[in-house]
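The values are calculated or read from the model by the stated rules, or taken from the named source; none is laboratory data. The structure presented is a predicted model; accordingly, all values stated were derived computationally and were not measured. When we count neighbours, we look across all protein chains shown, and the Cβ atoms used for this are built from the backbone with ideal geometry, even at glycine.
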Amino acid sequence: MCTVVLLRQPDHPWPIVMAANRDEMQSRPWHPPARHWPDRPDVVAGLDGLAGGSWLGINDHGVVAAILNRTGTLGPQKDKRSRGELTLEALDHADASEAAAALAMLDAGAYRPFNMIIADNRDAFWIANPGGSRAVFVTAIAPGLSMLTAGDLNDPEDPRIRRYLPLFRGAIRPDPSTGDWMAWEALLASRHHEATSDPTGAMCFLLPDGFGTSSSSLIALPSADAVNPVPIWRFAGGEPGTIPFLPVTSFPAPAIHP
């Protein structure tokens, strides 16, 4: 169960600030964010070594996309396409609204259930494939701080959201301009969970079978009038709190939306 925390703050120098923990089997091969795809030279993303897609990426237009499994759907399924393809498909678009409109037209039955976040410096969307006979749906994300795991956006029944959404909302907000992410880094590394729940209710965990938090990201998208309009991506290639966050350095100045 991965987690994305999204702070939308329109008219701010950093209108999108995001934190993401990836939870996966530790044995599943992956590569850190880079320009891995010759046919998509404008995409910087993590590479899933098993299926070739990605769980999180940014393109040079300033669009960020992340995909998460829905509850009970970990791993591939023989008759379904890889959900990691959808991150790359979203990043084929020059803005978030175009990407969300395109993904709304997906054949939901071709994929296992998923959640997605797609955002740029103007808009942000939650895209969900709930599974069963239900179609893919798209919901605009309101300004403020939201959290997504394997269920619905800001779902109060999810133990991780119930515990950590108030903590993120109450924490000192990151200041990407000065590099101050301290409060969010501490929350991403937190192993605290509700006493009645299993360890997967924590932000960071590792189960005996090898399933756990495999990497962590901190991302900020600059506004259109930024002096230096380059996204920030700080990446920890392991459990946050154990592995340091280091800058992803693959970004030229993108075509940020006016």
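Any chance you could count how many residues in segment 9-22 are at pLDDT 95 or above and among the charged types (D, E, K, R)?
1
Just checking, how many residues over segment 110-153 are buried (at least 16 other Cβ atoms within 10 Å of the Cβ) and assigned to a loop (DSSP other than H, G, I, E, B)?
Looking only at that region, the number is 15.
Residue check, TRP181 against (1) buried (at least 19 other Cβ atoms within 10 Å of the Cβ); (2) out of contact with any strand residue (DSSP E or B) (no Cβ under 7 Å at 6 or more places or on another chain); (3) closer than 28 Å to GLY62 by Cα, all met but one. Which one?
With respect to (1) buried (at least 19 other Cβ atoms within 10 Å of the Cβ); (2) out of contact with any strand residue (DSSP E or B) (no Cβ under 7 Å at 6 or more places or on another chain); (3) closer than 28 Å to GLY62 by Cα, TRP181 is out only on (2).
Within the group PRO156, PRO166, PRO208, which residue is more than 12 Å from THR3 (Cβ to Cβ), touching a Leu at 6+ places or on another chain (Cβ under 9 Å) and either free of Cβ contacts under 8 Å to residues at least 40 places away in the same chain or part of a helix (DSSP H, G or I) (or both)? Walk me through how you get there before you give the answer.
Numbers: PRO166 fails: touching a Leu at 6+ places or on another chain (Cβ under 9 Å); PRO208 fails: touching a Leu at 6+ places or on another chain (Cβ under 9 Å).
None of the other options fit; the residue is PRO156.
I'd like to verify a number: residues in segment 127-141 that are touching a residue at least 40 places away in the same chain (Cβ under 8 Å) and more than 18 Å from THR3 (Cα to Cα), how many?
Residues flagged as touching a residue at least 40 places away in the same chain (Cβ under 8 Å) and more than 18 Å from THR3 (Cα to Cα) within segment 127-141 amount to 1.
Can you tell me how many residues within segment 12-41 are in contact (Cβ under 8 Å) with a residue 24 or more places away in the chain and not in a strand (DSSP E or B)?
Total satisfying the criteria: 10.
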